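Here is the structure we will look at, set down as C-alpha cells.
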Amino acid sequence: MRKLFPSYLTGAILAIIGYIAGSQFVYHRIGSDNQPAGPNFTEQGMVVGFALFFIGWLIGIGALKYPFTWLLALKDPDHEEEMRLAGKDAGIIRYFKFTTDHKVVGIQYLVLVLIMLGFGGLGALLIRSELMRPGALLFPTETYNTIVTMHGMLMILATITFFIGPFGNFIVPIMIGARDMAFPRLNALSFAILVPAIVIFLSIPFWGYGQANGYGGGVQTGWTVYGPIATQTGMGMTALATAVILAGFSSILGAVNVITTIITMRAPGMRWTRMPMTVWGIFGAALLAALGTSSFAVDLLLILLDRIYKTSFFAASTGGNAVGAGGGNAWLSQNLFWFFGHPEVYLIVLPAFGIVCDVVAVFSRKPIFSYKMGVLGIMGVCVVSFLVWQHHEFVSGWAPELRFWYMATTELISVPTGFVFLVLLGTLWRGRIWMTLPMMFALSFLWNFVIGGLSGVFLSDVPLDVQLHGGMFVTAHFHYTIVGGALMCFFAAVAYWFPKMTGRMLDEKLGWIAFWGIQIGFNVAFLSMFIAGLQGMPRRVADYDPAFATANFITSIFAFLLIASVALYFYNIVISWVAGKKAVANPWGALSLEWQTPTPVPLENFEEIPVVTSAPFQYTQETVEAEAAAEPAAGQAAG
Ligand SMILES: [Cu+2]
C-alpha cells in the first residue's frame, strides 16, 4: 500500500477533487449565469477547475514534494528513496510514479504516445466512415467538425512528442555516453504535465452541448483554431486551449532538458561531429520546440481571454457583445498560429531525418555518407523553417506583397532537405543491405516523404496554391509527410530500439504483415485523396458533391486497411512486450553506444563512462567481411 502513495492513483484522486473544488468555487461564489456584458462564468469555472485539476494531480503524484522540501530548506528525506524507487526492484509500479530515471520516463512517454495515436486513429476511422459516401451518414456536422478538430490536434500533439519523448529520453542520453538527462526532475515534470493535458483534451466532446451560442458543444475550428471562430465556437474550445497550453509547457520543458543534456552531458571524445544523426535530429527539433511553442501558447491564451473576458484580440468588430469594442485582427491569430505551426512540422520530421540516417547506416553496414552535409541539412531546415510560415496565408489576404518572398523561402527549404536525402542515398549505395523491419520502415519513409515533399513544392507556388488551398490536395500532402514520413519512421524507431527498451524482440511475422498492410493502405488511400483535391474537393466538410464519390470511397476503404494494419502493429508491440522472444544486448550489430550496454540497461547506464574515438557507425570492410563469414550465426540471432 505504501508504494501507492504518491503515485498516479493518488494523483488522479486529488486531480478530480481539485476540479470539483475549483469549478464549484466559481459557480457558487460568483454564480453561473452568463451575463452577455460580463465574463463567461461557465468557461471561467472550467478554467479554474482545470487549474486545480492540474495542481491536484501534481500534489498527488508527489511532483511538488522536492521543490517544497528544497524551498523550505527541509532535508529531502526521500532523495535516496526516490532513486531506489526508480530502481529495478520497484517492479511495474515505478511506471506509475513521478520518477527521475530517464529510461522509465522514456517508457512512460512511449505508452502515452501510443494511447494518443490510438485515439487519433479512432478519429481517422470515424472521419473516413463519414466520408465514405456523399450525404450525412453518421454524425451531425458539428459533431463531425469536433472529430476532425480533435483528430488533427491530437495527432499533432502525438507526433511532436513521439520522438523527443520516448527516444529523446531513453536513447539519447545513452547514445551520447551520459548517465542521465541534465535535469532529471524537470524531465519527470515534463511528462507529468502531459498526462493531465491529454485527459483535459479528451474531455472536449463533453462540454457545452445544447448551449445557446448556436455552435453547440465540442469545437468546430479545425486544428488551426483561427480567431474569431475560435471565440464563437463551442465550449470544447476552452478545454482544447487549456490542454494544449499545458502540453506546450511540457514540450518546452522537455526541449530545454534535451538541449542542455546534448550540450553538457556528452562523454569524453563525443564531439559534435561524432554524434549519431538521431541526436542531431532530436537536437534540431528541441530547438524548434523551445523557440516556437510560445507563440502558439499566446494565441491560445488570447482565445481564452476573448472567450471568457470578452476582449477582442481577434475580433475586428464586436457584434455588440464585446468589452473590447472590436479593433482586433483575425490575421493576428493566423500569424501567431503559423509562426509556430510551420516550424512545428519540422519539429515532427527532423528527428525522423536523423533516425533514418542511423538506421540506414546500420542496415547498409556503411558509415553515414557525407555526414557533415547531413548535419548541415538538418540544421539548415531548422533555421529556414522559421522563415516560411506565410505560405499558409497566401489566400488569406494578409500582406500579398510578401507572397513572393515566402514562396522563395519555402522552396529554399527543399535544398537542405535534399542534402539529407542525398546522404541517405549515398549511404545505401553499394551497402550490404540487411532487410529488417526497422530498415523497411526507414525505406518507406524515404519513398513517402519524397511524394510528400514534392507535393509541398506545388503548394508553395502561389498560383497553384490559390487553386489548391483549403482542399483535399493539402490534406493528402501533409498526411504524406506526417503519416507516410514521420509515423513510418516512428514505427522504424520502435522496431529498432524495442530490444533495448523492453528486452524483447518484436514479432517479425506480425511485423511484416502490418508493414505491407500499412504501405498499401496508406499509399492508395492518400494518392486517391490527391485526386479528390485536384478535382476541387474542399477539406473539413462533412458532406460533399457526388463528383468526388469515387475518390472518397477508395480513400475510405484503403484507410480502413491502413488503420487495421496499424492496430495490428500496436497489437504486436503489446504481445511482444509481454511475451516476445528475449533479446540479446545487440541484435542488430549496431555500433552506437546504446547497443554497447547490457539489456536491460543498468540504472546508471554505464559501469564506466565510455571514451569515444571515432564518428558513428564506422563499419569497415573487415568488420563486414568478418560478419559475413559468421553469417549463419547472425541470421539466427535476428531470425
Ligand atoms: Cu507550412
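The values are calculated or read from the model by the stated rules, or taken from the named source; none is laboratory data. Predicted model, so just to flag it, every value in this text is computed and none were measured. Positions of Cβ are generated from backbone atoms using ideal geometry, with glycine treated the same way; all protein chains shown enter the neighbour counts. Ligands, DNA and RNA are excluded from the accessible area calculation, which covers all protein heavy atoms including side chains. Shrake-Rupley method; radii C 1.70, N 1.55, O 1.52, S 1.80 Å.
Brief remarks on what is shown
- Scan of segment 294-309 for residues that are of a type in the set (Val, Ile, Thr) and under 24 Å from the mean Cα position of the chain (by Cα), ordered by number: Val298, Ile303
- Among the residues of segment 341-377, those identified as within 16 Å of the ligand (Cβ to nearest atom) and either outside the structural domain of Phe421 (by TED's automatic domain parsing) or open to solvent by 10 Å² or more (accessible area, probe 1.4 Å) (or both) are His342, Val345, Tyr346.
- In this structure, Phe369 does not satisfy being more than 26 Å from the chain's Cα centre (by Cα) and closer than 19 Å to Val457 by Cβ.
- Each residue in segment 450-486 was checked for being of a type in the set (Val, Ile, Thr) and farther than 25 Å from Phe419 by Cβ, and 4 of them qualify.
- Within segment 273-286, residues that are open to solvent by 10 Å² or more (accessible area, probe 1.4 Å) have Cβ atoms under 9 Å from residues that are not in a helix (DSSP H, G or I) in these pairs: Thr273/Ala615; Arg274/Arg266; Arg274/Val612; Arg274/Thr613; Arg274/Ser614; Arg274/Ala615; Arg274/Pro616; Phe283/Met275, counting only partners at least 6 apart in sequence or on another chain.
- Filtering segment 426-436 for residues that are closer than 21 Å to Ile355 by Cβ, open to solvent by less than 60 Å² (accessible area, probe 1.4 Å) and within 14 Å of the ligand (Cβ to nearest atom) leaves an empty set.
- Residues in segment 378-395 that are among the small types (Gly, Ala, Ser) and within 14 Å of the ligand (Cβ to nearest atom): Ser385 alone.
- Residues in segment 378-396 that are open to solvent by 30 Å² or more (accessible area, probe 1.4 Å) and not polar (S, T, N, Q): Met379, Val383, Phe386, Leu387, Trp389, His392, Val395.
- Identity of the residue in segment 373-406, of a type in the set (S, T, N, Q) and part of a helix (DSSP H, G or I), that ends up nearest to Gln467 (Cα to Cα): Gln390
- Considering the conditions (1) more than 25 Å from Ala495 (Cα to Cα); (2) surrounded by 17 or more Cβ atoms within 10 Å (Cβ to Cβ); (3) within 16 Å of the ligand (Cβ to nearest atom); (4) aromatic (Phe, Trp, Tyr), Phe419 is excluded by exactly one of them, (3).
- Entry remark, segment 536-555: residues being in contact with an Asp or Glu (Cβ under 9 Å, 6 or more places away or on another chain) and open to solvent by 60 Å² or more (accessible area, probe 1.4 Å) number 1 in total.
- Top-ranked residue in segment 397-407 [being open to solvent by 40 Å² or more (accessible area, probe 1.4 Å) and within 14 Å of the ligand (Cβ to nearest atom); ranked as farthest from the chain's Cα centre (by Cα)]: Arg403
- Enumerated helices (runs of 4 or more DSSP H) restricted to segment 462-518, each holding at least 2 residues that are buried (at least 24 other Cβ atoms within 10 Å of the Cβ): 472-481, 488-502
- Of residues in segment 150-194 being of a type in the set (Gly, Ala, Ser) and out of contact with any Ser or Thr (no Cβ under 7 Å at 6 or more places or on another chain), the one nearest to Gly234 (Cα to Cα): Gly152
- Contact annotation: residue pairs with Cβ atoms under 6 Å, 6 or more positions apart or on different chains, pairing a residue in segment 603-629 that is surrounded by 15 or more Cβ atoms within 10 Å (Cβ to Cβ) with a partner that is of a type in the set (S, T, N, Q), are Pro616/Ser592.
- Count - residues of segment 329-339 that are open to solvent by 10 Å² or more (accessible area, probe 1.4 Å) and either within 13 Å of the ligand (Cβ to nearest atom) or basic (Lys, Arg) (or both): 4
- The residue pairs whose first member lies in segment 91-111 and is at pLDDT 95 or above and open to solvent by 40 Å² or more (accessible area, probe 1.4 Å), whose second member is of a type outside the set (Lys, Arg) and in a helix (DSSP H, G or I), and whose beta carbons are closer than 8 Å, counting only pairs six or more residues apart or on different chains, are Val111/Tyr95.
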